[in-house]
Every structure is written in C-alpha cells, then in structure tokens.
Amino acid sequence: MKMSAQQFLDWEKKSITLLAMSGAGKTTLANKLPKDKWFHYSGDYRIGTKYLDEPILDNIKKQAMEVPFLRQLLLSDSIYIRNNVSVNNLAPVSSFLGKLGNPELGGLSLAEFKRRQKLHHQAEIAAMNDVPDFIRKAEDIYGYKNFLNDAGGSVCELDSAEVLNTLAAHSLIVYIKIPQTLQQTIVERAKSDPKPLYYREAFLDEQLSKFMFFKGYKTTDEIPPDEFVTWVFPYLFESRLPRYQAIADQYGYTIDANDIANISGEADFIQVIADALGK
C-alpha cells in the first residue's frame, strides 16, 4: 500500500505491518500504543496458538513420556498438557523449532530439524494470510479502528509473493531499519543468548556445509546445539537486511530504529511514519 503523508494522516482506519529483525523494537513499540485504540496482531502468537499448537503439544508430550512418573499419569488421563503461549511469552514456539545438533544434548537430527522448519514456514505464511480477516474482526467484533501487524522476523525469508501482496493490499508495510551502530549489539546479544531460529532451506544448506567443514564435524549429531546457532547468526542477520529493504522498496516504506526508540506514544508513532512517507 502506497500513500502520501497527508493521506496517511487522514486515514481513519490505519492498518500497519511492521517488519524488522528481532531486537529492532517492534513489540516494544506495539506496547507503547494505546491498547483501547490499536489491535495488536502478533504473527508469532498466531503461529503458536493456531498453526503449530498441535505439533508443539505433541513434542511436549513426547518429552513427558520419557519420564516414567509423567508417562503413567498421561496414559491414565490423570493429567493433561496445554500450551500457554502469549504475545510476551513465545517460548513454546522456540522450543518446538529447536536447535540442530547432538541429541544427547537436546539437539535435533537434520531430518527432524528440517521437518520443523518446514512446518514453521507453512505456519508463518498462513498467519500472514490471516491478517485481512483479523483486520475485519478487530473492528467488527472488538471495535478497533486501528490495526498493527507485528510480523515475525522471518517474514522476509518466506519467498511468498502471495503473502507480500496480501499484506500490501490491506496494510501499510513499514520496515524498521537497524542502524549499523545497533547491528553489532544485536549480533552480540544473539551470541550470548542463542535462540532457535527459522532459516530458508537453501541458506541453511549452504551455511551448514561451511560450518561442518570449518569445524571438522562429520555428522550434525556431533554439533553442540548452541554452537551452530551462535556461529550462523551474523550471516543470517546480514542475509536478511537486503531482503527487508527489497520488500520496503517495492511494497512499503523504511524508518530508522533510532526514531522508533524515541517514540513515547501514539502521536509520535503517527508522526514518524508520516515523515517517512513524506521523504
């Protein structure tokens, strides 16, 4: 969706999709907007509660069945397990994605890792294609005029023209660009606290081959689970930047993460986006 700054300011029912790497401040920004005026749609939350709910539960149950005490309680229907995914707690989604590596250290085989990656890819496409319906429901059911789509960090990896066309047709796409001064901070943060991530299969195959050669591993089962995640993140970060920019250039607009950090409320948010549209 393309429009002038004035058209945006005059837009009575604003629908905005935020694109950015994790750490750019999307969710923090969403929490600064008045909750009685803006419907906050989290792509990751939708993935965890709708499209990966059953696979996540199956994985947890499988782990629980390895514990004799819990196994007996589950088999006798004495207990049940459910997810508790929230916008601010997406740990069940991350734990399902998992990390490639030594099974004895909690890692996943390459085949299982790729299976889960594929499920996440399908789930993220479905969650983004749900945005138009949720824009409608946000107003019809809950009375919200404004809608914020907090898209997952891996939307740029989907290679789905359908998703981008859908988002652009129903929302203003805004890419939060991370300045170089903050890029290294995010990379170092990811290294110190490595989290499961989604990778395009072609990217995964290429980087995994380099990693295995560099480290001298013969099979992925030899890899300590945190090691590959830590090693590959800078390359993933670098590969995503031009993908985000290409989406913004074709479908939307770009704003600086430093400008986002200075936003204190709705008025600031609206002005920052209007300024970006006016450039």
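Readers should treat all values here as calculations from the given coordinates under stated rules, not as data from a laboratory. What you are looking at is a predicted structure, and each value in this text was computed from that prediction instead of being measured. Don't worry about glycine lacking a Cβ; one is built from the backbone with ideal geometry, like all the others, and counts go over all protein chains shown.
Some points to look at:
- Share, in percent, of DSSP beta bridges within the chain that are antiparallel, nearest 5: 5 percent
- Efficiency of FRET from Cβ geometry, ALA161 and GLN271, R₀ 35 Å, rounded to 0.05: 0.65
- Neighbour-limited loop hits for trypsin sites (Lys or Arg not before Pro), segment 138-215 (at most 14 other Cβ within 10 Å; DSSP other than H, G, I, E, B): LYS145
- Helix-only [θ]222 nm of the chain, DSSP H runs n ≥ 4, -39500 (n - 2.57) each, per residue, nearest 500: -17000 deg cm²/dmol
- Cα-centre dipole for segment 140-279 with unit charges at Cβ (Lys and Arg positive, Asp and Glu negative), debye to 20: 220 debye
- Added length on full extension, which subtracts the Cα-Cα distance from 0.36 nm per residue, LYS32 to ALA169: 46.8 nm
- Restriction of the chymotrypsin sites (Phe, Trp or Tyr not before Pro) in segment 69-173 to DSSP coil positions whose beta-carbon has at most 16 other beta-carbons within 10 angstrom yields TYR80, TYR142.
- For Kirkwood radius over Cα pairs in Å, the candidate list reads (1) 20.7; (2) 20.2; (3) 18.7; the entry that matches the value derived from this model is (2).
- The slack in the chain from LYS50 to SER192, taken as 0.36 nm per residue of separation less the alpha-carbon distance, amounts to 48.1 nm.
- Using 0.36 nm per residue and subtracting the Cα-Cα separation, the extra length available between LEU57 and ASP133 on full extension is 24.7 nm.
- Prolate/oblate/rounded label for segment 74-144 (Cα gyration tensor, a/c 1.5): oblate
- Near ASN83, once Lys and Arg are set to +1 and Asp and Glu to -1 for all other residues with Cβ below 10 Å from its Cβ, the sum equals -1.
- The relative contact order of the chain, computed from alpha carbon pairs under 8 Å that lie at least 6 residues apart in sequence, is 34 percent.
- 3J(HN,Hα) along segment 177-182: 7, 8, x, 4, 5, 9 Hz, from the Karplus curve 6.51 cos²θ - 1.76 cosθ + 1.60 with θ = phi - 60°, whole Hz, x for Gly and Pro.
- Cα gyration tensor, segment 139-214 - rounded (a/c under 1.5), prolate or oblate: prolate
- Given R0 = 30 Å, the distance between the Cβ atoms of THR230 and SER86 translates into a calculated FRET efficiency of 0.65.
- The order of ARG82, ARG46, ARG71, going from fewest to most other C-beta atoms within 10 Å of their C-beta, is ARG82, ARG71, ARG46.
- Rounded to the nearest 0.05, the FRET efficiency derived from the C-beta distance between ILE79 and ASN258 at R0 = 45 Å is 0.40.
- Cα gyration tensor category, rounded, prolate or oblate, for segment 239-279 with a/c compared to 1.5: oblate
- Pairs from LYS118/LYS191; LYS26/LYS279; LYS62/LYS137; LYS26/LYS195 whose Cα-Cα separation, in the structure shown, is over 29 Å: LYS62/LYS137
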